[in-house]
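Step one of this worksheet: look at the structure below.
Bear in mind these aren't lab numbers, they're just calculated from the coordinates by the rules spelled out. Treat the numbers as computed from the prediction; the structure is a model and nothing was measured. Quick reminder, even Gly has a Cβ in these numbers, built from the backbone with ideal geometry, and neighbours come from all protein chains shown.
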């Protein structure tokens, strides 16, 4: 997916210049200042370069800069995948780093699960503070005794816990007897409508409850931003895991296969938004290219000093050589760390494209459905994604429009007694006055259970009107009739192993003229 996202708007000048050409120019300048002095004067490339006149030196320098820029620009995806850890994830180093990230992922998941369970208990206690005051007091005691209860293996204590861990507040009954010196509690009249002042325990509880929810949300956001949805998808580097996290965001939220759907979404993204995505990607390219080129400079200085040790004829020269190698290695790591935050910004823009324009994409693909729930949307996107990826080989393709459900059959009978067994029989009798009498026998076949609140739904033919107040249940008027067609007749309760007969009349429309 990163290969497809790398450039989408046709706005190439800015990404090329800022993302690639600028780091290359700086790289060449730093190489000339710090790496070339460690080469001997008779080095063949230096001799040939020094033999050129100024104009040809400018041409040669520009040519080298353009060639390196072109190489790095076209190798952008392999460079990105190198920093993600794909080429070396099966090596001993990659395996070690993956296991370390998986351990951190497990710790974070366990911490969130623990906090979620505790949060549920805190919510329950907060709903009725007075009734749960004893439990809250014990909560404070255990909280202080355990230190940080959410500290996992390799984790560290949280600043917010230290801030809210003050001395245990007094229970409500002791709050008035030992007021704080700086506090003055005004007397409350017996008939005052104001709420009584909160105890120290309640104030501290509200503080810890608020901070706990804030920390819980931060923990959830942190794991969603820094890791993919599943443990087996974790890569060796933080950069790779952050990228995987936003690559799997459409699937996690909407069950959209981002790799399959992104090229199609590109076609409907507005130009301004596409340029904004490219701008975010350009900053990532700049950071990674600067990191890579700094590492190359460090390597060149190291190799130059090892291959031509003549300039290192003193301890000061040796320390200068090793210092330059270390400084450029640190600069490389510095730019790598900066790129992680910029990748998060880039990923937010990509995820925003799915959030904002996925329904437009659905219509462009020819699907007219408008799902009214998240679950229905996820089911639809899952089928569309699989159809796009596998074609008809996978399963029956989704319909472009929702098919109407089957027409309900009439008559129908129901009861609020779910286990009641009701049977319905219908018949008609034609009268001589252009009316039709409908007979519906409702039988409760359960010998012991009464069917309560029985209703019958029936639909008249199009050429008939319902005759007002004609509905009878065993000669007694029906409880109520509602409509229009189909009509719902409420006939009351039917005892076990009993039956009733509902009758009503329909008048032919031509008889009304």
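Worth a mention:
- Global geometry of region 203-335, whether rounded, prolate or oblate, following the gyration tensor of its Cα atoms and the 1.5 cut on a/c: oblate
- For the pair region 8-80 / region 422-477, the C-alpha centres are spaced 92 Å from each other.
- Neighbour-count order for 77, 68, fewest beta carbons within 10 angstrom listed first: 77, 68
- Peptides ranked, highest mean first, by Cβ atoms within 10 Å: ranges 287-299, 493-505: 287-299, 493-505
- Residue order, fewest to most surrounding Cβ atoms within 10 angstrom, among 22, 201: 22, 201
- Equivalent ellipsoid, region 321-426 (semi-axes from 5 times Cα gyration tensor eigenvalues, Å): 57, 19, 13
- Packing-based ranking, highest mean first, of 385-391, 252-258 given that Cβ atoms within 10 Å are counted: 252-258, 385-391
- The residues 133, 423, when put in order of fewest to most other Cβ atoms within 10 Å, stand as 423, 133.
- If the segment from residue 382 to residue 462 were pulled out straight at 0.36 nm per residue, it would be longer than the present Cα-Cα gap by 24.6 nm.
- Overall size of region 412-512 from C-alpha positions, given as principal axis extents largest first: 47, 23, 20 Å.
- Each distinct pair of alpha carbons in region 294-338 adds a 1/r term; the inverse of their mean, the Kirkwood radius, is 10.8 Å.
- Legend: calculated FRET efficiency, residue 441 to residue 510, from the Cβ-Cβ distance at R0 = 25 Å, rounded to 0.05, equals 0.25.
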